[in-house]
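Since the structure comes first, as structure tokens, the remarks are kept for the end.
The values are calculated or read from the model by the stated rules, or taken from the named source; none is laboratory data. What you are looking at is a predicted structure, and each value in this text was computed from that prediction instead of being measured. Cβ sites come from the backbone with ideal geometry, for glycine too, and all protein chains shown count toward neighbours.
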Amino acid sequence: MEAIVPLISTSKTGPSGIMHLPRLWMKILLASKGRLAEGYRHGIGGFDERLLENFGVDRDAFIAYVESEQPDYLAAERWFTQHATAFSPQTVAASNAGFLEASFSDPARSKMFRERVGLDDDACTHVIPLNDLDDWFGFHESLVGARG
């Protein structure tokens with residue numbers, strides 16, 4: 001079976017309005033089936049861990065739930081919000097704002113992303129669009145092969 005690049009953007013939400021939760025759910029499901037593309041985390045570090053911490057959700061419990069129950073997205077979102085110790089409209093807004101405002105503070109890191117995908121815009125340092133471009137590049141590369 002081929003590995004799959006997760007194409008759900010951090011910017012996407014489900015009915016609860018929580019950004020990044022659909023992407024985290026997808027990555028955990030893919031990893032549980034051995035299908036998550038190499039180099040992708042699923043629950044530890046980065047935005048995954050930030051999301052879980054923002055809402056006070058036990059990382060290991062959420063990962064175990066998704067891996068064992070294989071829920072559809074709405075069931076996973078219900079579990080997440082029911083087990084969150086800090087679920088409120090204010091937490092949703094603050095968490096989402098943090099994701100939208102996130103930029104690479106290390107110029108070399110944003111440059112690495114831009115060079116990988118062929119983007120010449122040095123002003124682009126925001127994490128979400130660079131991650132999206134990287135996902136799309138990886139998807140294209142896995143589907144049609146590396147550009148040369």
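Take the residues in the range 71-116 that are basic (K, R) and either touching a Leu at 6+ places or on another chain (Cβ under 8 Å) or at pLDDT 95 or above (or both), then tell me which one is surrounded by the most Cβ atoms within 10 Å (Cβ to Cβ). By that ranking, first place goes to R114.
Against the criterion of being assigned to a helix (DSSP H, G or I), touching a Pro at 6+ places or on another chain (Cβ under 9 Å) and farther than 17 Å from L30 by Cβ, L74 qualifies. Go through (1) surrounded by 13 or more Cβ atoms within 10 Å (Cβ to Cβ); (2) part of a helix (DSSP H, G or I); (3) outside the structural domain of A31 (by TED's automatic domain parsing) one by one and return the number of the condition L119 breaks. Tallying (1) surrounded by 13 or more Cβ atoms within 10 Å (Cβ to Cβ); (2) part of a helix (DSSP H, G or I); (3) outside the structural domain of A31 (by TED's automatic domain parsing), L119 fails exactly one: (2). Tally the residues that are surrounded by fewer than 14 Cβ atoms within 10 Å (Cβ to Cβ) and at pLDDT 95 or above, restricting the search to the range 36-56. Of the residues in the range 36-56, 2 are surrounded by fewer than 14 Cβ atoms within 10 Å (Cβ to Cβ) and at pLDDT 95 or above. A single member of E69, E49, E101, E77 is charged (D, E, K, R) and in contact (Cβ under 8 Å) with a residue 40 or more places away in the chain, and it is E77. Note on the range 1-26: residues that are part of a helix (DSSP H, G or I) and touching a helix residue (DSSP H, G or I) at 6+ places or on another chain (Cβ under 7 Å) total 4.
Within this structure, I63 fails the test of being closer than 21 Å to L7 by Cα, modelled with pLDDT of 90 or more, out of contact with any Pro (no Cβ under 8 Å at 6 or more places or on another chain) and not assigned by TED's automatic domain parsing to the domain that holds H20.
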